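Here the structure is laid out as structure tokens; the discussion comes afterwards.
No lab work stands behind these numbers, since they all come straight from the coordinates. Bear in mind that the values here come from a model prediction, so they are computed numbers and not experimental data. Counting neighbours? That spans all protein chains shown, and the Cβs are built from the backbone with ideal geometry, glycine included.
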Amino acid sequence: MTDSPSGVSPTLAERARSGDRRALARLLTEVENRTSKGEEALRALYPLAGHAHLVGITGAPGSGKSTLVAGLVSEARRHDAPAGPRPVAVIAVDPSSPITGGAILGDRVRMQIHAGDRDVFIRSMASRGHGGGLAMATVAAAAVLDASGFPLILIETVGTGQSEVEVAAIADTTIVVQAPEMGDEVQAIKAGLLEVADIVVVNKADRPGADRAAAQLRAMLTVGAQHDHAAVAAGRPRPKRPDVMLTSALTGAGVPELLAALDRRASRTRSSETDGTALKRAEAQLSGILAQRLAERLRSGDVAERREATLRAVAAHQLDPYTAADELLAALTDFDRA
Amino acid sequence: MTDTATHTTARPIKVLIAKPGLDGHDRGAKVLARGLRDEGFEVIYTGLRQTPEMIVSAALQEDVDVVGLSILSGAHMTLLPKITAGLRDQGMDDVLVTAGGIIPDDDIPALEQAGIARVFGPGTTIREVSDFIRASVHRREE
């Protein structure tokens, strides 16, 4: 395929925006692989994005994330849905092997009922190494889908590890999925995943113990709420106070209510002027790109040699890594001036 | 795999493993998926009882390099050509399509005619499959 920059034939980005799903899929590959073509497309698409509601869905493996995502998609595609049927995109992330780089991307298994619907676009993504890069790739892919006309984008994270907190932090709304049998009150007060939740979903509500688990979560997540105002006044971060909702992705119970709650949040985030998540997302993207640019710059011709020598000096403990970093940064400035 | 620099050349090959038709189990497909994972491929697995339309749609959305079809039911002469035709209709004639499962030798020429690049029979090793994929994937450098 040859997309001439002169605009003679439409670019991948233009074709993706006009509803060409094949072009959209190709573009997502370019973005995921961080090619120059992907970058070029993002430059064109970024100003056109920023309208979609990005929902992160995270939780332990086996808590029912994929089935819940499939349920949310069904609900959003229902013809008698309160807000009408709308296009939905899903980005489903599964882990890459740290040894071979290979991955099994299995989230589609639960979502194949939507395969015939061209307004449902599901894309699997392998985590490919560290979490920071993943968050960057995910936001970039979401921007492409956003600009291509998907108002609701569900990002299903890896079921385990640190990366889901990062990916969740760049979503407008973060859902943390729990299953009834997944822990006692102590689990609910531990630091980590539950803290990033805007909505905690106790899934598998068809199973015994779900009501009790939800009640326990509610009780524990509201502890200290009366001091929130004092914390804000004192300049301390205010803990999130997530809603706790019950769903059964199996029977569909609670899923319409969950989508309605998401839609309420979407209109609220859009209307609020100080949108913290948009800023956080911008920061994640920008710092990721800066780090990537810096790494590329340090590997390029004139500086590469200096970098090699510095690396060897640090490895031999002749130079400490902090001084080494400062020296390299200074060297970059010198090279740029020369 | 490092994730820091731009690695346009070393990106993993994406493979869709799909089971068309009404097979009762997918042990073989899962073993293959797992084996290909260990060979460094990114493997998308869609589960049992997939229609040709579902498989084509998944291949399109995922922008895969390879579609591996596993079929035991005997419906391969009906289903597999439908899938290759569907891929062609979507402009995905550059995707490598392979098949495996229970497929009589006599049927292989017709399947190859229909666009199946290779039929792997029982006893095929994971290594044979992965070597074939690596050697045949049409790199879509632009």
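Points worth noting:
- Taking each DSSP H run with n ≥ 4 as -39500 (n - 2.57) and averaging over every residue of chain A yields -15000 deg cm²/dmol at 222 nm.
- Take each residue in B:43-51, count the other chain C-beta atoms within 10 Å of its C-beta, and the mean is 6.
- A:ALA325 sits among other residues whose Cβ lies under 13 Å from its own Cβ, and their net charge, with Lys and Arg +1 and Asp and Glu -1, is -1.
- Cα-centred dipole magnitude for chain A, charges only on beta-carbon of K, R (+1) and D, E (-1), debye, nearest 20: 500
- Evaluated at q = 0.11 Å⁻¹: base-10 log I(q)/I(0), Debye formula over Cα of the protein assembly as shown: -0.99
- In the range A:189-338, taking the dipole from charged Cβ atoms about the Cα centre, the farthest positive-side position among A:GLY254, A:LEU286, A:ALA316 is held by A:GLY254.
- Ranking A:PRO239, A:ALA141, A:SER300 by how far each Cα lies toward the positive end of the dipole of chain A (charges on Cβ) leaves A:ALA141 at the top.
- Under the shape rule built on the C-alpha gyration tensor, where the axes satisfy a ≥ b ≥ c, the range B:23-101 is oblate, since a/c reaches at least 1.5 while a/b does not exceed b/c.
- The alpha carbon gyration tensor of the range A:49-275 gives principal lengths a ≥ b ≥ c with a/c below 1.5, which makes the shape rounded.
- Helix A:131-147 axis, angle to chain A major axis (alpha carbon atoms, nearest 10°): 70
- Chain B: C-alpha gyration tensor shape, a/c 1.5 cut-off, then a/b vs b/c: prolate
- Against the main long axis of the alpha-carbon atoms of chain B, helix B:27-38 sits at an angle near 20°.
- Cross-link partners of B:LYS19 among aspartates and glutamates (Cα-Cα below 13 Å; sequence separation of 8 or more within a chain): B:GLU53
- Net charge in the neighbourhood of B:HIS25 (other residues with Cβ under 13 Å of its Cβ; Lys, Arg +1, Asp, Glu -1) is +2.
- The residues packed around B:ILE103, meaning those with a beta-carbon under 12 Å from its beta-carbon, carry a net charge of -3 if Lys and Arg are +1 and Asp and Glu are -1.
- Shielding by partners - mean other protein chain Cβ count within 10 Å, residues of B:85-97: 1
- In the protein assembly as shown, a dipole from Cβ-located charges (positive for Lys and Arg, negative for Asp and Glu) runs towards its positive end, and of A:ALA83, B:PRO104, A:THR157 it is A:ALA83 whose Cα lies farthest in that direction.
- Excluding exposed DSSP-loop GluC sites (Glu not before Pro) (at most 15 other C-beta within 10 Å), longest clean stretch of chain A: A:1-180
- Shielding by partners - mean other protein chain Cβ count within 10 Å, residues of A:294-306: 1
- Folded to 0 to 90 degrees: helix B:76-89 orientation relative to chain B principal axis, Cα: 40
- Peptides B:106-115, B:74-83, B:13-22 ranked from most to least packed by the mean count of surrounding Cβ atoms within 10 Å: B:13-22, B:74-83, B:106-115.
- When peptides A:198-205, B:50-57 are ranked by their average number of other Cβ atoms within 10 Å per residue, the highest-first order is A:198-205, B:50-57.
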